[in-house]
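J.: Okay, here's the structure, questions in a sec.
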Amino acid sequence: MDQTILNQVEAFATNLIVNELPDSVLYHDISFTHRLVASVKEISQKEGLSDADSELLIITAWLYGTGYRDVEMFKGKKLFSSCIACTQQISKQFLSSIHYQSDSIKIIFNILEKSTPNNTPNGILEQVFVDAIYMDFAQDKGLKYI
């Protein structure tokens, strides 16, 4: 794994989530992001994923909540899908700015897309990511929002 890239992604996502998410976002905050990253790491290790695959999942987890910055624009619309589209846009701009590989960005986009309701994860990366999201719902913090 490229720790420099992971550190850049973490710093970017943390700054955006802490400083730019509206107060109306109660669940997808920085605490959720930390829990999601931890769950992704745990599941990735148990699945025996490669460092490259784990890196993609960790980056996706850090960036996952960034699209909620624009949540106020989507009242009355398909909120979750809209926020994922914003996450993809924000992610592409950021990851391109740090010269992250375009093939890897496409994989991250696919993982994000398959994390939306009514989409079925196909590959192991998508499955691990969705499992990490659901893992959070099953824990104490997540149960408060169900």
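J.: Considering the chain, what Rg and Dmax in Å follow from its alpha-carbon atoms?
T.: Cα radius of gyration and Dmax of the chain are 14.2, 41 Å respectively.
J.: Working with all protein chains in place, sort F94, F109 by solvent-accessible area computed with a 1.4 Å probe, largest first.
T.: On the way: F94 25, F109 50 Å².
Largest accessible area first, the residues go F109, F94.
J.: Related question: Explain nothing, just the number: relative contact order of the chain, from Cα pairs under 8 Å at least 6 residues apart, as a whole percent. Walk me through the intermediate numbers first.
T.: Working: 141 pairs, mean separation 37.6, N = 146.
Rounded, it is 26 percent for the chain.
J.: Moving on to the next point. Carbon and sulfur atoms: what percent of the 1.4 Å accessible area of the chain do they account for? Walk me through the numbers on the way to the answer.
T.: Numbers: 3910 of 7750 Å².
Carbon-and-sulfur percentage of accessible area, whole number: 50.
J.: Still on this structure, please answer the following. Leaving out ligands and nucleic acids, and using a 1.4 Å probe, what accessible area per residue does the chain come to in Å²?
T.: Values: 7750 Å² over 146 residues.
Using a 1.4 Å probe on heavy atoms only, each residue of the chain averages 53 Å².
J.: Please report the net charge: other residues with Cβ closer than 10 Å to the Cβ of I107, K and R +1, D and E -1.
T.: Values: positive: K106; negative: D53, D103, E126.
Computed value for this residue: -2.
The values are calculated or read from the model by the stated rules, or taken from the named source; none is laboratory data. Since we're looking at a predicted model, the values are computed, not measured. All Cβ positions, glycine included, derive from the backbone under ideal geometry; neighbour counts span all protein chains shown. When the accessible area is computed, the model is the full protein with side chains, heavy atoms only, and any ligands, DNA or RNA have been set aside. Shrake-Rupley method; radii C 1.70, N 1.55, O 1.52, S 1.80 Å.
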